[in-house]
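The values are calculated or read from the model by the stated rules, or taken from the named source; none is laboratory data. Please read these numbers as outputs of a predicted model, since none were measured by experiment. Every residue, glycine among them, receives a Cβ derived from its backbone with ideal geometry; neighbour counts consider all protein chains shown. Side chains are part of the model used for accessible areas, which takes the heavy atoms of the whole protein and leaves out ligands, DNA and RNA. Shrake-Rupley method; radii C 1.70, N 1.55, O 1.52, S 1.80 Å.
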Amino acid sequence: MMAPNLLPMSTYRKNGHKAFVKSQKKAKNVSKVPIDPVNAKLPWKNLLPKNDQDTPTAKSESPTVEAAKKDENPVAESNKEKKKPARYHETGFPINVENFARLRQVIIGLDDTYVQGNPLFTVENMETIYLAASSSLQKVQNKKQDDNNATAEMNIAFQDVKKLSTQSKNIFVVSGVPATAIKRCELLNHLIQGSRVEPLDKDATDDAISASHQSRVQMIQHVDGLIELFKAYPQYNPPAFIGAAGWDTRRNAMYATNQASYTTSTALKLERISRNNIIQKPVTGLVEVGQGVKKTVMGIFGFNSPQYAMVKGIEFRRLQGWKNL
(Lines give C-alpha, C1' and ligand atoms only; values in the text may rest on other atoms or scores of the structure.)
Protein backbone atom coordinates (compact mmCIF):
# COMPACT_ATOMS: atom_id res chain seq x y z
CA MET A 1 0.00 0.00 0.00
CA MET A 2 1.34 3.36 -1.05
CA ALA A 3 2.03 5.77 1.76
CA PRO A 4 -0.10 8.94 1.85
CA ASN A 5 1.33 12.18 0.45
CA LEU A 6 3.87 10.25 -1.60
CA LEU A 7 4.09 10.30 -5.37
CA PRO A 8 4.38 7.11 -7.45
CA MET A 9 7.90 5.75 -7.86
CA SER A 10 7.76 6.44 -11.58
CA THR A 11 7.98 10.14 -10.90
CA TYR A 12 11.42 9.80 -9.24
CA ARG A 13 14.78 9.27 -10.86
CA LYS A 14 17.28 6.68 -9.68
CA ASN A 15 19.21 9.33 -7.77
CA GLY A 16 16.10 10.13 -5.76
CA HIS A 17 15.39 13.52 -7.34
CA LYS A 18 11.95 14.32 -8.70
CA ALA A 19 11.69 14.00 -12.47
CA PHE A 20 10.40 16.83 -14.67
CA VAL A 21 7.29 16.22 -16.66
CA LYS A 22 7.69 17.24 -20.31
CA SER A 23 4.51 19.26 -20.28
CA GLN A 24 5.86 21.30 -17.38
CA LYS A 25 9.04 22.35 -19.13
CA LYS A 26 9.21 26.01 -20.02
CA ALA A 27 9.70 26.87 -23.66
CA LYS A 28 12.73 28.98 -24.39
CA ASN A 29 12.66 32.26 -26.32
CA VAL A 30 8.88 32.50 -26.07
CA SER A 31 7.39 35.80 -24.95
CA LYS A 32 4.97 35.68 -22.07
CA VAL A 33 1.37 36.44 -22.95
CA PRO A 34 -0.38 38.45 -20.23
CA ILE A 35 -3.48 36.78 -18.90
CA ASP A 36 -6.46 38.89 -18.03
CA PRO A 37 -8.31 37.10 -15.22
CA VAL A 38 -11.54 38.98 -15.88
CA ASN A 39 -11.81 38.14 -19.57
CA ALA A 40 -10.45 34.63 -19.05
CA LYS A 41 -13.10 33.94 -16.37
CA LEU A 42 -10.65 32.13 -14.10
CA PRO A 43 -12.10 30.74 -10.87
CA TRP A 44 -9.54 32.59 -8.75
CA LYS A 45 -10.14 36.05 -10.20
CA ASN A 46 -12.03 37.15 -7.08
CA LEU A 47 -8.93 36.45 -4.97
CA LEU A 48 -6.92 39.13 -6.77
CA PRO A 49 -6.38 42.51 -5.03
CA LYS A 50 -9.29 44.82 -5.76
CA ASN A 51 -7.00 47.83 -6.21
CA ASP A 52 -5.83 46.40 -9.53
CA GLN A 53 -9.36 45.99 -10.88
CA ASP A 54 -12.04 48.14 -9.35
CA THR A 55 -10.45 51.21 -7.83
CA PRO A 56 -9.90 54.31 -9.95
CA THR A 57 -6.34 54.61 -8.55
CA ALA A 58 -5.06 51.84 -10.79
CA LYS A 59 -2.40 53.27 -13.05
CA SER A 60 -3.08 51.17 -16.13
CA GLU A 61 -4.92 48.13 -17.38
CA SER A 62 -3.46 45.08 -19.02
CA PRO A 63 -2.82 45.20 -22.75
CA THR A 64 -5.51 42.58 -23.23
CA VAL A 65 -8.14 44.77 -21.58
CA GLU A 66 -7.12 47.84 -23.56
CA ALA A 67 -7.22 45.92 -26.83
CA ALA A 68 -10.62 44.52 -25.96
CA LYS A 69 -11.99 47.98 -25.26
CA LYS A 70 -10.76 49.26 -28.61
CA ASP A 71 -12.35 46.31 -30.39
CA GLU A 72 -15.65 46.74 -28.57
CA ASN A 73 -15.89 50.45 -29.26
CA PRO A 74 -14.02 51.31 -32.47
CA VAL A 75 -16.00 54.55 -32.81
CA ALA A 76 -14.39 55.97 -29.67
CA GLU A 77 -11.04 56.43 -31.40
CA SER A 78 -12.54 57.96 -34.54
CA ASN A 79 -14.58 60.45 -32.53
CA LYS A 80 -11.38 62.15 -31.41
CA GLU A 81 -10.81 63.42 -34.95
CA LYS A 82 -14.28 64.69 -35.76
CA LYS A 83 -14.51 67.41 -38.34
CA LYS A 84 -15.66 70.81 -37.23
CA PRO A 85 -19.35 71.35 -37.89
CA ALA A 86 -20.53 73.58 -40.71
CA ARG A 87 -21.62 76.24 -38.22
CA TYR A 88 -18.08 76.57 -36.84
CA HIS A 89 -17.10 79.45 -39.11
CA GLU A 90 -20.46 81.17 -38.64
CA THR A 91 -20.20 81.10 -34.84
CA GLY A 92 -16.49 81.98 -34.96
CA PHE A 93 -17.12 85.53 -36.21
CA PRO A 94 -18.91 86.79 -33.07
CA ILE A 95 -16.24 85.11 -30.94
CA ASN A 96 -13.50 86.93 -32.84
CA VAL A 97 -15.24 90.27 -32.40
CA GLU A 98 -15.84 89.65 -28.69
CA ASN A 99 -12.20 88.66 -28.12
CA PHE A 100 -11.05 91.71 -30.08
CA ALA A 101 -13.11 93.88 -27.73
CA ARG A 102 -11.40 92.25 -24.74
CA LEU A 103 -7.98 92.87 -26.28
CA ARG A 104 -8.85 96.48 -27.05
CA GLN A 105 -9.87 97.06 -23.44
CA VAL A 106 -6.52 95.73 -22.20
CA ILE A 107 -4.63 98.01 -24.59
CA ILE A 108 -6.67 100.98 -23.40
CA GLY A 109 -5.74 100.06 -19.82
CA LEU A 110 -2.02 99.92 -20.65
CA ASP A 111 -2.28 103.58 -21.69
CA ASP A 112 1.10 105.22 -22.43
CA THR A 113 3.10 102.06 -21.69
CA TYR A 114 1.78 100.60 -24.95
CA VAL A 115 4.08 102.25 -27.49
CA GLN A 116 3.29 101.45 -31.14
CA GLY A 117 4.62 102.92 -34.34
CA ASN A 118 2.50 100.83 -36.73
CA PRO A 119 -0.80 102.65 -37.38
CA LEU A 120 -2.60 99.31 -37.81
CA PHE A 121 -2.05 98.42 -34.16
CA THR A 122 -3.06 101.69 -32.55
CA VAL A 123 -6.02 102.00 -30.21
CA GLU A 124 -7.76 104.30 -32.68
CA ASN A 125 -7.53 101.75 -35.52
CA MET A 126 -8.70 98.98 -33.20
CA GLU A 127 -11.76 101.06 -32.38
CA THR A 128 -12.52 101.60 -36.07
CA ILE A 129 -12.19 97.89 -36.88
CA TYR A 130 -14.31 96.89 -33.90
CA LEU A 131 -17.18 99.19 -34.88
CA ALA A 132 -17.07 98.03 -38.51
CA ALA A 133 -17.01 94.35 -37.51
CA SER A 134 -19.88 94.74 -35.03
CA SER A 135 -21.97 96.55 -37.64
CA SER A 136 -21.20 93.87 -40.23
CA LEU A 137 -22.30 91.09 -37.89
CA GLN A 138 -25.64 92.81 -37.34
CA LYS A 139 -26.12 93.34 -41.08
CA VAL A 140 -25.50 89.67 -41.76
CA GLN A 141 -28.10 88.72 -39.17
CA ASN A 142 -30.63 91.10 -40.74
CA LYS A 143 -29.97 89.77 -44.25
CA LYS A 144 -30.24 86.21 -42.99
CA GLN A 145 -33.61 86.96 -41.42
CA ASP A 146 -34.81 88.53 -44.67
CA ASP A 147 -33.69 85.44 -46.57
CA ASN A 148 -35.46 83.15 -44.10
CA ASN A 149 -38.68 85.13 -44.47
CA ALA A 150 -38.45 85.03 -48.28
CA THR A 151 -37.83 81.29 -48.19
CA ALA A 152 -40.84 80.75 -45.93
CA GLU A 153 -43.10 82.73 -48.28
CA MET A 154 -41.76 80.79 -51.27
CA ASN A 155 -42.46 77.48 -49.54
CA ILE A 156 -46.05 78.57 -48.93
CA ALA A 157 -46.47 79.51 -52.61
CA PHE A 158 -45.14 76.13 -53.77
CA GLN A 159 -47.06 74.23 -51.11
CA ASP A 160 -49.63 71.64 -52.28
CA VAL A 161 -48.75 72.11 -55.97
CA LYS A 162 -48.38 68.35 -56.46
CA LYS A 163 -51.62 67.54 -54.69
CA LEU A 164 -53.61 70.21 -56.54
CA SER A 165 -52.11 69.12 -59.87
CA THR A 166 -53.39 65.58 -59.32
CA GLN A 167 -56.83 66.88 -58.41
CA SER A 168 -56.92 68.99 -61.57
CA LYS A 169 -55.82 66.05 -63.71
CA ASN A 170 -58.52 63.78 -62.27
CA ILE A 171 -61.23 66.31 -63.13
CA PHE A 172 -59.74 67.17 -66.52
CA VAL A 173 -59.68 63.57 -67.83
CA VAL A 174 -63.44 63.14 -67.21
CA SER A 175 -64.51 66.55 -68.52
CA GLY A 176 -64.99 65.37 -72.11
CA VAL A 177 -61.76 66.71 -73.59
CA PRO A 178 -59.93 64.90 -76.45
CA ALA A 179 -57.51 62.06 -75.77
CA THR A 180 -54.55 64.14 -76.87
CA ALA A 181 -55.39 66.78 -74.26
CA ILE A 182 -55.70 64.08 -71.60
CA LYS A 183 -52.28 62.71 -72.54
CA ARG A 184 -50.80 66.21 -72.34
CA CYS A 185 -52.37 66.79 -68.92
CA GLU A 186 -51.09 63.45 -67.61
CA LEU A 187 -47.60 64.25 -68.88
CA LEU A 188 -47.55 67.62 -67.11
CA ASN A 189 -48.81 66.03 -63.91
CA HIS A 190 -46.06 63.39 -64.07
CA LEU A 191 -43.47 66.12 -64.46
CA ILE A 192 -44.86 68.02 -61.47
CA GLN A 193 -44.90 64.85 -59.36
CA GLY A 194 -41.37 63.97 -60.43
CA SER A 195 -42.38 60.50 -61.65
CA ARG A 196 -41.91 58.68 -64.95
CA VAL A 197 -44.62 58.70 -67.60
CA GLU A 198 -43.68 55.15 -68.53
CA PRO A 199 -42.35 53.04 -65.63
CA LEU A 200 -39.13 51.13 -66.14
CA ASP A 201 -39.22 47.39 -66.64
CA LYS A 202 -37.84 45.80 -63.49
CA ASP A 203 -36.11 43.13 -65.60
CA ALA A 204 -34.42 45.63 -67.92
CA THR A 205 -30.63 45.53 -67.97
CA ASP A 206 -29.95 48.77 -69.86
CA ASP A 207 -29.01 51.88 -67.92
CA ALA A 208 -31.81 54.45 -67.82
CA ILE A 209 -31.09 58.17 -67.71
CA SER A 210 -33.71 60.13 -65.80
CA ALA A 211 -33.97 63.82 -64.97
CA SER A 212 -36.41 64.93 -62.31
CA HIS A 213 -38.01 68.25 -63.29
CA GLN A 214 -38.38 69.41 -59.70
CA SER A 215 -36.51 72.71 -59.59
CA ARG A 216 -38.56 75.80 -58.77
CA VAL A 217 -38.14 77.25 -62.26
CA GLN A 218 -39.19 73.98 -63.88
CA MET A 219 -42.20 73.67 -61.58
CA ILE A 220 -43.34 77.13 -62.68
CA GLN A 221 -42.96 76.09 -66.31
CA HIS A 222 -45.06 72.96 -65.75
CA VAL A 223 -47.79 75.04 -64.08
CA ASP A 224 -47.69 77.40 -67.08
CA GLY A 225 -48.40 74.38 -69.27
CA LEU A 226 -51.38 73.39 -67.14
CA ILE A 227 -52.81 76.91 -67.29
CA GLU A 228 -52.54 77.04 -71.08
CA LEU A 229 -54.17 73.61 -71.34
CA PHE A 230 -57.05 74.47 -69.01
CA LYS A 231 -57.71 77.77 -70.81
CA ALA A 232 -57.86 75.97 -74.17
CA TYR A 233 -60.70 73.68 -73.06
CA PRO A 234 -63.73 75.38 -71.51
CA GLN A 235 -65.16 71.91 -70.73
CA TYR A 236 -62.79 71.90 -67.73
CA ASN A 237 -64.95 73.54 -65.06
CA PRO A 238 -63.55 72.58 -61.61
CA PRO A 239 -63.76 74.47 -58.30
CA ALA A 240 -62.30 77.96 -58.61
CA PHE A 241 -59.12 77.29 -56.61
CA ILE A 242 -57.94 74.70 -59.20
CA GLY A 243 -59.43 76.37 -62.26
CA ALA A 244 -57.37 78.25 -64.82
CA ALA A 245 -57.74 81.54 -62.90
CA GLY A 246 -56.85 79.88 -59.58
CA TRP A 247 -53.77 78.30 -61.09
CA ASP A 248 -52.81 81.63 -62.65
CA THR A 249 -52.88 83.31 -59.23
CA ARG A 250 -50.81 80.53 -57.72
CA ARG A 251 -48.32 80.64 -60.59
CA ASN A 252 -47.80 84.41 -60.12
CA ALA A 253 -47.14 83.88 -56.41
CA MET A 254 -44.67 81.11 -57.20
CA TYR A 255 -42.77 83.32 -59.62
CA ALA A 256 -42.75 86.40 -57.35
CA THR A 257 -41.57 84.54 -54.24
CA ASN A 258 -38.92 82.69 -56.24
CA GLN A 259 -37.51 85.98 -57.52
CA ALA A 260 -37.62 87.47 -54.02
CA SER A 261 -35.68 84.47 -52.74
CA TYR A 262 -32.97 85.08 -55.34
CA THR A 263 -32.73 88.73 -54.24
CA THR A 264 -32.44 88.03 -50.51
CA SER A 265 -30.05 85.14 -51.04
CA THR A 266 -27.72 87.28 -53.14
CA ALA A 267 -27.83 90.12 -50.61
CA LEU A 268 -26.93 87.70 -47.81
CA LYS A 269 -23.97 86.29 -49.73
CA LEU A 270 -22.62 89.77 -50.52
CA GLU A 271 -22.96 90.86 -46.89
CA ARG A 272 -21.08 87.77 -45.75
CA ILE A 273 -18.27 88.59 -48.17
CA SER A 274 -18.07 92.10 -46.71
CA ARG A 275 -17.99 90.68 -43.17
CA ASN A 276 -15.27 88.20 -44.09
CA ASN A 277 -13.10 90.99 -45.46
CA ILE A 278 -13.50 93.12 -42.34
CA ILE A 279 -12.71 90.29 -39.94
CA GLN A 280 -10.51 87.81 -41.83
CA LYS A 281 -8.70 89.76 -44.55
CA PRO A 282 -4.89 89.48 -44.41
CA VAL A 283 -2.94 92.41 -42.95
CA THR A 284 -5.88 94.77 -42.31
CA GLY A 285 -8.52 92.35 -40.99
CA LEU A 286 -9.61 92.12 -37.36
CA VAL A 287 -7.88 88.78 -36.78
CA GLU A 288 -4.57 89.92 -38.26
CA VAL A 289 -4.62 93.18 -36.29
CA GLY A 290 -5.49 91.32 -33.09
CA GLN A 291 -2.55 88.94 -33.57
CA GLY A 292 -0.25 91.88 -34.30
CA VAL A 293 -1.33 93.71 -31.14
CA LYS A 294 -0.62 90.60 -29.04
CA LYS A 295 2.87 90.32 -30.55
CA THR A 296 3.44 93.99 -29.85
CA VAL A 297 2.57 93.54 -26.17
CA MET A 298 4.95 90.59 -25.98
CA GLY A 299 7.70 92.63 -27.63
CA ILE A 300 7.26 95.56 -25.26
CA PHE A 301 6.86 93.74 -21.95
CA GLY A 302 8.33 90.28 -22.59
CA PHE A 303 6.86 86.80 -22.83
CA ASN A 304 6.82 86.19 -19.06
CA SER A 305 5.45 89.61 -18.18
CA PRO A 306 2.09 90.00 -16.43
CA GLN A 307 1.01 92.37 -19.20
CA TYR A 308 1.43 89.71 -21.85
CA ALA A 309 -0.25 87.15 -19.59
CA MET A 310 -3.40 89.30 -19.84
CA VAL A 311 -3.59 88.94 -23.63
CA LYS A 312 -1.85 85.71 -24.64
CA GLY A 313 -4.95 83.63 -23.87
CA ILE A 314 -7.16 85.70 -26.18
CA GLU A 315 -7.63 83.59 -29.31
CA PHE A 316 -8.76 84.45 -32.83
CA ARG A 317 -10.22 81.90 -35.23
CA ARG A 318 -9.18 81.69 -38.87
CA LEU A 319 -11.67 81.21 -41.67
CA GLN A 320 -10.78 78.50 -44.15
CA GLY A 321 -9.35 80.17 -47.24
CA TRP A 322 -8.79 83.50 -45.45
CA LYS A 323 -5.60 84.14 -47.42
CA ASN A 324 -7.63 84.42 -50.62
CA LEU A 325 -9.73 87.33 -49.37
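Set Lys and Arg Cβ to +1 and Asp and Glu Cβ to -1, take the dipole of the stretch 108-169 about its Cα centre, and tell me which of Gly109, Pro119, Phe158 lies farthest positive.
Farthest along the dipole direction, towards plus: Phe158.
Give me the one-decimal nm value for the distance between modelled label points at Gln259 and Glu98, 7 Å along each residue's Cα-to-Cβ direction.
Distance between the two pseudo-spin positions: 4.2 nm.
On a C-alpha basis, how far is the centre of the stretch 235-302 from the centre of the stretch 136-159 in Å? Whole number, if you could?
Cα centres, the stretch 235-302 to the stretch 136-159: 9 Å.
Label-point separation (nm) for Lys144 and Lys312, each offset 7 Å from Cα along Cα-to-Cβ?
Distance between the two pseudo-spin positions: 3.4 nm.
In Å², and per residue, what accessible area does the stretch 222-283 have when probed at 1.4 Å with the other protein chains present?
With all protein chains present, the stretch 222-283 gives 51 Å² per residue.
Could you give the length gained by full extension between Val115 and Asn324, i.e. 0.36 nm per residue of separation minus their alpha carbon distance, to one decimal place?
72.1 nm
Using a probe radius of 1.4 Å on heavy atoms only, what accessible surface per residue do you get for the stretch 111-201? Whole Å² is fine.
The answer is 60 Å² per residue.
Using 0.36 nm times the number of residues separating Ser274 and Asn252, minus their current alpha carbon distance, what extension gain do you get?
Residue separation times 0.36 nm, minus the Cα-Cα distance, leaves 4.6 nm.
What nm value, rounded to one decimal, do you get for the distance between Asn237 and Asn170 when each label is placed 7 Å out toward the C-beta?
That separation, rounded to one decimal, is 2.1 nm.
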